[in-house]
Amino acid sequence: MNFFVQSFGCRAEQADGAAIEAQLASRGLSPALDRSSAELVVLNTCTVTSEADNDVRQTVRRVHRENPLARILVTGCYAQRAPGELAALDGVE
């Protein structure tokens, strides 16, 4: 299985995204070149503003539209704050 990690927001999220990439690679998954070819898309989120939340929701919809077979995993601050809201989006696991 291959994966693509996209981080939104602050430096902490950037560092967490790098850690997620390292963990997935250590478990035998390989990085994809882009979201559209990934079997697993990890969106590592921040929730500083409502605009940031909207950006994540738009990205989830775009990923699902461009790559409907991809498993979408949303992590980070937004996922912790509003898990039900994100789980209700098509494609989110």
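Laboratory data are not the source of any read-out in this text; all were calculated from the coordinates shown. Quick caveat, the model's predicted, so the values are computed rather than measured. When we count neighbours, we look across all protein chains shown, and the Cβ atoms used for this are built from the backbone with ideal geometry, even at glycine.
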Packing-ranked peptide list from 47-59, 24-36, highest mean Cβ count within 10 angstrom first, is 47-59, 24-36
Treating only Lys and Arg (+1) and Asp and Glu (-1) as charged, each at its beta carbon, one finds that the chain has a dipole about its Cα centre, in Debye to the nearest 20, of 80
Normalised Cα Rg of segment 2-87, dividing by 2.2 N^0.38 Å with N its residue count, works out at 1.03
Least to most buried among E21, E66, by other C-beta atoms within 10 Å and fewest first, runs E66, E21
A chain fully extended from T49 to S26 at 0.36 nm per residue, minus the present Cα-Cα distance, gains in nm 5.0 nm
For the chain, percent of DSSP beta bridges that are antiparallel (nearest 5) comes out at 0
